[in-house]
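The structure appears right after this line, and notes come after that.
The values are calculated or read from the model by the stated rules, or taken from the named source; none is laboratory data. The shown structure was predicted, so the numbers you read here are calculated from the model rather than taken from an experiment. Cβ coordinates were reconstructed from backbone atoms using ideal geometry, including for glycine residues, and neighbour counts include every protein chain displayed.
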Amino acid sequence: MEMIGAWTAVEWIGKPLWMWAGFLGIVATLLAFDLGILHRKDREMGIAESLWLSAFYIGIAVLFGGGIWWAYEVGQIVTSDGVHAGVAYFTGYFIEKALSIDNVFVISLIFGYFAIPRQYQYRALVWGIVAVIVLRGVMIAAGAAVVREHDWVLYVFGAFLIATGIKMLMVPETQPDMAANPLIRFLKRHMRVSDRLHGEAFLVRQPDQNGRMVLWATPLLLALVVINVADIVFAVDSVPAIFAITTDTFVVYTANIMAILGLRALYFALAAMVHRFHYLKYALAMVLVFIGLKIFWNQLVGKFPAEWSLGVTLAMILAGIGYSLWKTRAEEAAAARTP
C-alpha cells in the first residue's frame, strides 16, 4: 500500500505520474490494436471504414475527456490556471481537430508527389503518430516552461494568433509546389533515395554505384519525414491556440494527441472530399482571432468564462463546416448546369 501511495504521489510536469502513464498506455494500446490487428496487412482503406474508425477514435477521445472531467472534479485535481479542465480539453480538442483538416490537403499532396499507393498510406500515417507524440510533447513542454517563467509570452501568443487569423482571412490560398520544397530537395541531396517503393519498407539495402551494399531510403520514408515536418509547422498555430485556453500541460497535450490520433483514421474520407471544406478556413481564422483576443481580455479585464469560450469556438467551427458544405455543393451544382 505504501508503494501504491508513493506511486500516486509522484508528479511529472505538474500532474501525478499515473495520469501520464495512463494516457500514454491508452495511446500505445490504440496504436498496437490499429497496426497489429486492424491493419496488420497493408491494404487500401475505403471511405466507409475510414468514417467508422474515425467515429471509434472520436468516441475514445470523448470518453477520455469525460475521464479528465471526473478526475479533476472528483479527484479534486486543479489546473494550474484555475480553468475548468473538462471544458478546456474539449475546446482544445475541437480547435485541433478543425485545424487538422488543413493537414489533410497537404498530406494528400505529399503522398501524390511521392506516388505512395493508398495501401501504404495508412501505415505511414500511423507510424507518423509516434513521431508526433514525441515532437508535440517537446513543443508543449517547452511552451509550458516558457509560459510558467514568463507569463508575458501569452501576449505574444495572442498577437501571433490574431495576426495568423487575419492573414488567413486576407491572403488567398495557394497550392504548395512540392517539387520546389526546400526540405525535399535537401533530403534528396543528402540521402541515398531509391527510385521506387519497396512495399512498406522505409529503408532497404541496395548496391551503390561502387557495388557495395548500403542502406537506401525509400520514397515512403521521405514522405513520412515531410509529413511530420509539416505537422510541426501546423503545430505553430495549434499549440499557442490551446495555451490561450489553458496552461495546464496535461490538458494541452492530451487534447492535441487525441485529435491527431483520430485524424489519421479520418484522412481517407476527408482526402476524397477536402475540396468541400474550402470555406472552413475563414471560420478557423475567426476562431484564432477570437482565441487571441481572449488572451488579452483574460490578462487585462478578467477571466473570460471557459464555457462561453467552448460554445463560441464550437459554434464557429460548425458554422464554417455547414457553410462550406452548402456553398461548395451549390457551386458544384451550378458548374454541372453550365454547358
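Let's see how each residue does on (1) surrounded by fewer than 21 Cβ atoms within 10 Å (Cβ to Cβ); (2) under 22 Å from Tyr57 (Cβ atoms):
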{"position": "Phe250", "(1), (2)": "no, yes"}
{"position": "Asn256", "(1), (2)": "no, yes"}
{"position": "Leu261", "(1), (2)": "no, yes"}
{"position": "Ile291", "(1), (2)": "no, no"}
{"position": "Trp297", "(1), (2)": "yes, no"}
{"position": "Gly302", "(1), (2)": "yes, no"}
{"position": "Ile321", "(1), (2)": "yes, yes"}
{"position": "Thr328", "(1), (2)": "yes, no"}
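Which pairs have Cβ atoms under 7 Å, sit 6 or more apart or on different chains, and link a residue in the range 30-57 that is farther than 23 Å from Ser100 by Cα and modelled with pLDDT under 80 to one that is in a loop (DSSP other than H, G, I, E, B) and not basic (Lys, Arg)? As it stands, the answer is Asp42/Glu200, since those pairs meet every condition given. Listed by first and then second residue, the pairs linking a residue in the range 71-97 that is under 18 Å from Gly302 (Cα atoms) and among the acidic types (Asp, Glu) to a residue that is at pLDDT 75 or above and surrounded by 20 or more Cβ atoms within 10 Å (Cβ to Cβ), with Cβ atoms under 8 Å apart and 6 or more places separating them unless they lie on different chains, are Asp81/Thr246; Asp81/Thr247; Asp81/Asp248. I'd like to check something: does the range 119-140 contain any residue that is over 18 Å from the mean Cα position of the chain (by Cα) and in a helix (DSSP H, G or I)? Looking for residues that are over 18 Å from the mean Cα position of the chain (by Cα) and in a helix (DSSP H, G or I), one finds at least one in the range 119-140, hence yes.
Name the single residue that is farthest from Met168 (Cα to Cα) among those in the range 308-319 being free of Cβ contacts under 8 Å to residues at least 24 places away in the same chain and surrounded by 13 or more Cβ atoms within 10 Å (Cβ to Cβ). Per the stated criteria, the residue is Gly311. For Lys167, indicate whether it is assigned to a helix (DSSP H, G or I), among the charged types (D, E, K, R) and closer than 30 Å to Met316 by Cβ. Against the criterion (assigned to a helix (DSSP H, G or I), among the charged types (D, E, K, R) and closer than 30 Å to Met316 by Cβ), Lys167 qualifies.
Under the condition of being among the charged types (D, E, K, R) and without any contact (Cβ under 8 Å) to a residue 24 or more places away in the chain, the residues counted in the range 196-254 number 4.
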